[in-house]
Amino acid sequence: MSGETMSGQEHFDALIAADARVEPRDWMPEGYRKTLVRQISQHAHSEIIGMQPEANWITRAPSLKRKAILMAKVQDEAGHGLYLYSAAETLGTPRDQMTADLIAGKARYSSIFNYPTLTWADMGAIGWLVDGAAICNQVPLCRASYGPYGRAMVRICKEESFHQRQGFEILLELANGTAAQRDMAQDAINRWYAPSLMMFGPPDEDSPNSRQSMAWNIKRFSNDELRSRFVGMIVEQVKVLGLTLPDTDIRYNEETERWEHGPLDWKEFSEVLAGRGPCNSQRLARRREAHEDGAWVREAAAAYAARQAGSVGAGAVSNETGAA
Amino acid sequence: MSSDSATRITPGNALRPEDIAAAGTRADRDTAAYALRLGDDALVLAQRLGWWISRAPELEEDVALGNIALDLIGHARSFLSYAGSADGRTEDDLAYWRNETEFRSAHLVEQPNGDFARTIARQLVVSFYQFELYGSLQHSADPTLAAIAAKAVKEVDYHRDHSAQWVLRLGLGTAESRGRMIRALELTWPYVGELFDDDELAASLGDRAVLPSSLKPAFDRGIAAVLRQAELEVPAVPSAPGGGRRGQHSEHLGYLLAEMQVLARDHPGAAW
C-alpha cells in the first residue's frame, strides 16, 4: 500500500511498526503530538532552569580554567534548550507559548534543579550524577520515533557525555586534594545521589504514562530499568574516586539481572514536584525576572526588524535578537 | 567589518594558555607588566559578563554573551600566563592571589553591568578598543604577545559586530530602548579616555607594545560610524581621571574580586 492510499492513522501505525521516524509533515494522533510537546518542552525547560544552579558558581570558580569550562557548559545548556524548543515548534507550539507556560508556573521541568548548589563540589556532582542520569535517560531518546526530537538528542547526548566526564574530573581532583576538598566532594555526592536516582521518575508500577510512550517508540526502557543501569554505572565509578555512595543496600540481583538500591524518599520527590522544594520559587522567579527585564530589549529588536523590513508594526519577529 | 567569525577558529590553529606556560618563554619585567594590563582588562570584563549567563533578555543572548566572556577568559589566561612567566607565577596566582591595588585593569571594565543597554555600551567601547589594540599588537616584536593578539583579534572582531548590531537595535528600536541606550552611553563615556592614556611603560617598550594614544583615531572613526548609523551621538560628558594602570581603582573592583577570589582563597595551596 502506498502512503497516498493509506489513512493517516494507518501510515502512522506502519511507521511505528517499522520502527521508522515520524516527521513533522506526517499525520500523527493528537495524543502522540501532545505527549511529545509535553516531553520535549519539559526537557527544554529543564535545560534552561538547569543553567541556574551551575551559573551560581561561574563568578566564584576556583581557577580560570574551571571558570571557562563551567561557562562553556552552562552555555551548552542554553544551546540544548534552543534545539529542543525548535524541535517542539515543529509540532506546532511556538516557543513564546512554551516560555509563557514556564514562567507562569504551568509547565514542569526536572525537579533536580530545585536543589541548591552549596559548594564547588556540586559542580562535580551535578556533572557526574545529574548529567550521568540524564544521559542514561536520553541515549535511548536518540532513537525516539519523532525525527526532530531524536536528531536533537543525538547532539545533546554528545555534549552531555562530555559534561559528565568534566564533572567526574572535578570530583577526582577534589578527591585527590586536601582533606577539606575531599570532604566537600563526599558531601556533594551524599546530597545529589538520591535526587539523581529519582530523576528517572517514579517506580514502574506508579508511572502511568510510560506504557503508551513505550508503545509509540518514544520511550524505550522503563524508569526502573534505566535507574538500575545507572546505579550499576556509578557504583563502579565511585570506587575510582575513592569515595562512597550514601546507600548500603546497593547490590546486583543475579536473578532479575538488575542493580538494586535502597529505598528512595518518594514523598520528598512529590513535595518538590508540587513546588515545595528548596529552590522552586527562586528558580522560577529568576527565569521570570530575566524574561520580564529583557522584554524591552526583545521589543526593540522586533521594532528594528520591522523598521528594516520597511513595514513598521507588521511582521515583527519576536525571536529576532541581532546576535550573529 | 571582516566576515571572519570567531567560531571558525579551531583549537588546532590557536595558541592556548597551556602552550604559553609550556613554551617556557620568560617575559622581561616590563613586558610582563604590559601583559598584565591586557590580561586584567580581559579577566575583569569576563567576570562581569559571566553574570549574564542565565539572565539575558533572550536565550540567544545567553549564548552570545557567554561566548564573548569565554573568549575574554581565554585572552586573560594567555596574557596572565605570559605575565606570570617573568617571576614564576601562574595565571591563577595572578588572578586569585593579588589584591585590588595590584590589578592593572582600566576602570571601564569594572563598571557594573547595569541594564542590557549599559552592558552593550561597555561592550561597544571595549570591543572597538581591543580590535584596534590587538590588530596592532599582532605585529609586536615580542612573538608571544603577537601570537596572543593574532588569535584575539579575530574573536574581538565578532564582539565588535555583536555590540554594533545591538547599538543599532537599541538606538533605533523603541523610544524606551533609545532612551536607555543614550543614558548607557552617558554612563560609559567618562571611562573611555583612560584606555588611550600613554605612560612610561607603554612608551619604553617600543615596537613590543602599542602606544594607547595611537589607537584613538581609528577607534573614534569606528565608534562614530556605528553611532551615526544608530542616530546617536558621542555623549558630551566629562572624563573620569582613571588610574587603573597604576592600581588605583573605582569602588567596584573590590567587590568583584572578593566574589571571584573567595573560594580559591579559602583553600590556599589547593589544586582544582
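Just a few scattered comments:
- The residues in the range A:174-212 that are in a loop (DSSP other than H, G, I, E, B) and either among the charged types (D, E, K, R) or under 26 Å from A:ALA61 (Cα atoms) (or both) can be counted, and the count is 3.
- Listing of helices (runs of 4 or more DSSP H) fully contained in the range A:72-164 that carry 2 or more residues being under 17 Å from the mean Cα position of the chain (by Cα) and closer than 30 Å to A:GLU299 by Cα: A:95-103
- Yes/no for A:ALA61 being in contact with a helix residue (DSSP H, G or I) (Cβ under 9 Å, 6 or more places away or on another chain), closer than 27 Å to B:GLU60 by Cα, surrounded by fewer than 22 Cβ atoms within 10 Å (Cβ to Cβ) and at the interface with another protein chain (Cβ under 10 Å from one of its Cβ atoms): no
- Whichever residue in the range B:136-173 is free of Cβ contacts under 8 Å to residues at least 24 places away in the same chain and either buried (at least 24 other Cβ atoms within 10 Å of the Cβ) or under 14 Å from the mean Cα position of the chain (by Cα) (or both) and, among such residues, is nearest to the other protein chains (Cβ to nearest Cβ): B:GLY173
- Summed over the range B:66-98, residues that are open to solvent by 10 Å² or more (accessible area, probe 1.4 Å), touching a residue at least 60 places away in the same chain (Cβ under 8 Å) and away from chain A (no Cβ under 11 Å) total 3.
- Counting only helices (runs of 4 or more DSSP H) wholly contained in the range B:174-242, no element carries 3 or more residues that are modelled with pLDDT under 95 and small (Gly, Ala, Ser).
- Set side by side, the residues B:THR119, B:THR31, B:THR25 differ, and just one is at pLDDT below 95 and either more than 18 Å from A:ARG60 (Cα to Cα) or open to solvent by 10 Å² or more (accessible area, probe 1.4 Å) (or both), which is B:THR25.
- For the range B:255-265, a tally of residues being at the interface with chain A (Cβ under 8 Å from one of its Cβ atoms) and not small (Gly, Ala, Ser) returns 4.
- Any chance B:ALA56 is closer than 30 Å to A:ARG288 by Cβ, at pLDDT 95 or above and open to solvent by less than 20 Å² (accessible area, probe 1.4 Å): yes
- Only listed residue being under 28 Å from A:ARG33 (Cα atoms), charged (D, E, K, R) and over 22 Å from the mean Cα position of the chain (by Cα), chosen from A:GLU255, A:GLU205, A:GLU225: A:GLU205
- Selection count where residues are open to solvent by 20 Å² or more (accessible area, probe 1.4 Å), closer than 20 Å to B:ARG48 by Cα and more than 7 Å from every other protein chain (Cβ to nearest Cβ), scope the range A:67-96: 2
- Enumeration of residues in the range A:213-223 that are assigned to a helix (DSSP H, G or I) and either open to solvent by less than 40 Å² (accessible area, probe 1.4 Å) or of a type in the set (S, T, N, Q) (or both): A:SER213, A:ASN223
- The set of residues in the range A:241-260 that are β-branched (Val, Ile, Thr), open to solvent by 60 Å² or more (accessible area, probe 1.4 Å) and either closer than 24 Å to A:GLY124 by Cα or touching a Gly at 6+ places or on another chain (Cβ under 7 Å) (or both) comprises A:THR244, A:THR248.
The values are calculated or read from the model by the stated rules, or taken from the named source; none is laboratory data. If you're wondering where the values come from, they're calculated on a predicted model, not measured in any experiment. All Cβ positions, even for glycine, are placed from backbone atoms using ideal geometry, and neighbour counts span all protein chains on display. Accessible surface is based on the protein model in full, side chains and every heavy atom, while ligands, DNA and RNA are left aside. Shrake-Rupley method; radii C 1.70, N 1.55, O 1.52, S 1.80 Å.
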